[in-house]
Structure formats: structure tokens, C-alpha cells
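Accompanying notes for the structure given below.
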Amino acid sequence: MARIIAGVTSSHVPAIGAAIDNHRTGEPYWQRVFEGFERSKEWIAKAKPDVVIGVYNDHASAFSVEIIPTFALGTAAEFAIADEGWGPRPVPVVKGHPELAAHIAQSVILDEFDLTLCNKMEVDHGLTVPLNLMFGTPKEWPCPVIPLAVNVVQYPPPTGNRCFMLGKAIRKAVESYPEDLKVVVFGTGGMSHQISGQRAGLINSKFDHAFLDNLTKNPKKLTRLSHLELMREAGAEGVEMVMWLIMRGALDDKVDEVYRFYTVPASNTAVGHIILANRVKASRKSAGKKVPAKLKRAAARQKIQRIRG
Amino acid sequence: MTAKKIVVKDYDDIPGTYVFDADRSRQGYHLNMFCMSLMKAENRKAFKADEAKYLDQFPLTPDQREAILKRRYNRMLELGGNIYFTAKLGATDGHPFQHLAALMTGSTQQDYADLMLRGGRPVDGNRSRSGQFEKSKTPGKASKPKAASKGKKRRG
């Protein structure tokens, strides 16, 4: 059975990609950003996911203003790298996992999430920058990646709650896939930033830290944030943090925070990164101890009755 | 009722911000499709060779056309442009994104870069035009609408 072992969030600032592509990662400005991902690279090298589900947003690359799908799942065998106006990024083609993607599509749609399915889709920095941050710059990405593009370009994006629930549906789909696969879900974008209009440059670190805290401990609270509040507090483009909630929804309610990194700025954006791991099931380790509270209470009542009787 | 009712959009209260919604998407359709065309190298070359001629392919309004030719980025947003699309125009010109951000915020690229290094534009005083969401409001001391003062210039 396939299972989701962990979730990763990461900003996907295009300038980070440009710094990698132009070999500027050693500059002090960029070093500060890349150093924050060193431990993450070690972690994922050990975790060795078989598949990554990459939740990101397309930045007018695969989708223009002609068609604006709210959730678009990549079901292709591979995804070409988009030319975003300065030539395609020199990164490996993204290989998909069409079988698992098709299974997820079927399961999730029958669970009433009306996905758009893409048998051909170019992917942009939104997906490839987090892959670089986690895997470095290999000749081939170490595992297949299933892209899930979420509309955050045209208002309104899906609500945080909808995203969280979609994460749960994706988890259910993954767990009903027969092959033994370790899956890691990436939620990308954010954190606070605004790149348009006179308010461009907005950063709200206080909001970001609270968001990270809640992402680990109290994600339900984040699902109640309105778009207005997100845009007001975290910038017009900060609204893309709803995508992190798809990742979070796909994990257990209680997770272990493996690692966290936050820095300001990368170009125009606050960079936030967190790794959350599902706990190894207690039932496997100590089957005898795990008795639901309800049963315990029932057993106690029976015991009392026996004594009285 | 003869007059068209105007939909009040809560997000219009955010200063210095043009939320790209379905109305703006429709209004800016051709502007954004022009930007989208710049994803192809041959189109970038053709545009650079003769900007006005290249723009003739797109049914833009005179205002949109002028905003593109003069690289007025906020005006493009106001006329239905979306930043992820207009950024392609900036990329075609060979500018880093911070150049566009500096233009939109009315500062130099160096000043904008310095602002970001200092931790970015603070949210306090920049939450709303009406000032109603400022948390640190104290009686008798109005919150400072920093970007709002610039935002007020915005039309539409």
C-alpha cells in the first residue's frame, strides 16, 4: 500500500531559480537562503520518497487567461519545462507517475473534488524551484513528481478549507493504491509577499511565524482564514499559502515538526520552509497499549457492574 | 431599478493593490494574452524589433497600448493586467523583477532592494484604506496609511 510519509512546504521564488541557474548560490545574499535547505536535502536523501506530489501554482506558463482551472492534476508521463520569458530553466524534465496520478484523479473526483486533468502540461518555477531546494541540481530528479497546479492567479483561489479537504482526499487516494510507495507531498509558495502595485514589498514576519506554528499544531485554524485576511496580512500574492494546506490536509492530525527555516528576503518574498512527518503508527509498535478511550470506559463500567452484581 | 448595482468588493479596501479578479481578467484579456505571447523567443524578437507593429496584432484599448509602450506597470494592472503576465514584458526587456517592483512602488531599484533587506514593507499602516484593521490603534492616534497615500492615486 502506498502511504504519505511526510509533507514539505517551501517558497518557490523565481529569483532563487535564477540564482541556481546563474551559479550565484555562493553569494552572501543567496547563501543565507540556500544554507537553510542543507539539512532538508540530507533529510530527503534519507527519506527517499518514491513519489513527490508537488502542489504549486502555474504563473501564466501552462495556463493563460484563456482557461483557469482551480485544481489541475498532471497525469502525463513527463512535463516539459516552460519558457517563462527568458528561456526554459536548465533543469531536468519532470517525470510523472501516470498510474498513481490516474488513481488519485479517479479517487478524488469520485470524492467530489472536480479536478482538471492534464495529459500535457508545461511546468514552471513554481514546481521546479522547490525541487532544486530539496534535491539540489541533479541530472535527473531522483523520483517521479505528480504536479498539482492550483489557481492562485485569478481571484478567488480555492479556500484554505477546500484545499485542506482536498489534501485529505488525496491521502485517501494514495492509501488505496496497491503498490508499496513512500509519498512526500510538497506545498509550495508563500510566505508573505506582495509583488504588485504600490504595496509591493510587503512582508509580515509575525503573521508568517504564527502560520508556521499553526501549520504544525493547529492547521484547522488556518483553514478559517479568509482570502481577504490573507491578502491584507500576508500580501496580495501571499494568498498562495492556501496551497500549503493541501499538503497539511494530506498528513495526520498530529505530526512531528522535523525542521523549520525562515528568512527575509529572497528578492521580494519571505522564504518559509517546514518539514512535517507523519508519526510511525503506535499500533504497530505497541499493539497492546492502543485501546480506544471509549472501549476503556465501557470496560470500566462493566467491571464496576460486576463488582456491584 | 434602472441603474446598475455596483458590486462592493471587500478587497478594494486593501491599499496599493489590484486584485486580479474575473472582471479585471476580462478587461485585461488581450493585454495579458500579448504578455503571454512573449513566452516564445521569436515573438520577443519581433516585439523588440517594432513594438507598435507587434501590438497591432492585439485588440488593445488605446490606454492599454500606451501603458505597455510606456512600461507603466501599475497602469497595466489597473487596466486588467496581471503581474505574472506583465512580468514577462519585464523579462523581455531584460529587467530583474525588482526593477518592476521599484517602478510600481515609485522608488529606485536600490531603494527597493534596501527596503527588502530591512525586512520589507511593514504591514502596520498598510492593511486597509479605511484603517479599520489596524490592530495597534490607540485612541486619538490615527494609523498611518503609508501605502494608502500612494494607493489613493489609483483610479478604478
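The values are calculated or read from the model by the stated rules, or taken from the named source; none is laboratory data. From a predicted model like this one, the values you see are computed outputs, not experimental measurements. In this analysis, Cβ positions are derived from the backbone assuming ideal geometry, glycine residues included, and neighbour counts consider all displayed protein chains. Keep in mind that these areas ignore ligands, DNA and RNA; they rest on the heavy atoms of the full protein, side chains included. Shrake-Rupley method; radii C 1.70, N 1.55, O 1.52, S 1.80 Å.
Helix A:98-110 and the longest principal axis of the C-alpha atoms of chain A enclose an angle of approximately 60°.
When region A:151-207 is described by a simple charge dipole with +1 on each Lys and Arg Cβ and -1 on each Asp and Glu Cβ, the residue from A:Phe186, A:Phe164, A:Phe207 located farthest towards its positive end is A:Phe207.
3J(HN,Hα) along region A:159-167, derived from phi through the Karplus expression 6.51 cos²θ - 1.76 cosθ + 1.60 where θ = phi - 60°, amounts to 5, x, 5, 4, 5, 4, 5, 5, x Hz, with x in place of Gly and Pro.
Among beta bridges from DSSP that stay inside the protein assembly as shown, the antiparallel ones total about 50%.
Each pair of Cα atoms in chain A enters the Kirkwood radius, and Stokes-Einstein at 10 °C and 1.306 mPa s then converts it into a translational diffusion coefficient of 79 µm²/s. For A:Leu202, the amide hydrogen comes within under 5 Å of the amide hydrogens of A:Gln194, B:Arg121, counting only partners 5 or more places away or on other chains and with H modelled in the peptide plane. Springs join every pair of Cα atoms under 10 Å in this Gaussian network model of chain A, and among A:Leu230, A:Leu148, A:Leu110 the largest mean-square fluctuation is at A:Leu110.
The distance from the alpha carbon centre of region B:1-75 to that of region A:149-228 is 28 Å, rounded to a whole number.
Note on B:Leu69/A:Ala47: beta-carbon distance plugged into 1/(1 + (r/R0)^6) with R0 of 60 Å gives a FRET efficiency of 0.70.
The magnitude of the dipole of region B:15-117, with charges of +1 and -1 set on the Cβ of Lys/Arg and Asp/Glu and taken from the Cα centre, is near 280 debye. About the centre of its Cα atoms, region A:151-291 shows a dipole size close to 720 debye [charges on the beta carbon of Lys, Arg (+1) and Asp, Glu (-1) only; nearest 20 debye]. In a fully extended conformation the segment linking B:Gln57 and B:Val7 would gain 14.7 nm over its present Cα-Cα distance, using 0.36 nm per residue. Could you check how much of the accessible area of region A:59-105 is carbon and sulfur, as a whole percent, using a 1.4 Å probe? It is 60 percent, rounded to a whole number. The phi-based Karplus calculation (6.51 cos²θ - 1.76 cosθ + 1.60; θ = phi - 60°) puts the 3J(HN,Hα) values of region B:85-101 at 7, 5, 4, 5, 5, x, 5, 4, 6, x, 8, x, 4, 4, 5, 5, 4 Hz, whole numbers, x for Gly and Pro.
Annotation: per residue accessible area for region B:15-117 equals 42 Å², rounded to a whole number [probe 1.4 Å, protein chains only].
How long is the gain from A:Glu99 to A:Thr263 if the chain were fully straight, where each residue apart is worth 0.36 nm and the alpha carbon distance is subtracted?
Fully extending the segment from A:Glu99 to A:Thr263 adds 55.3 nm.
Relative to the longest principal axis of chain A, what angle (0 to 90°, nearest 10) does the C-alpha long axis of helix A:125-135 take? Rounded to the nearest ten degrees, it is 70. Rounded to the nearest whole Hz, the Karplus-based 3J(HN,Hα) values (6.51 cos²θ - 1.76 cosθ + 1.60, θ = phi - 60°) of region B:59-64 follow the sequence x, 8, 6, x, 5, 5, with x at glycine and proline.
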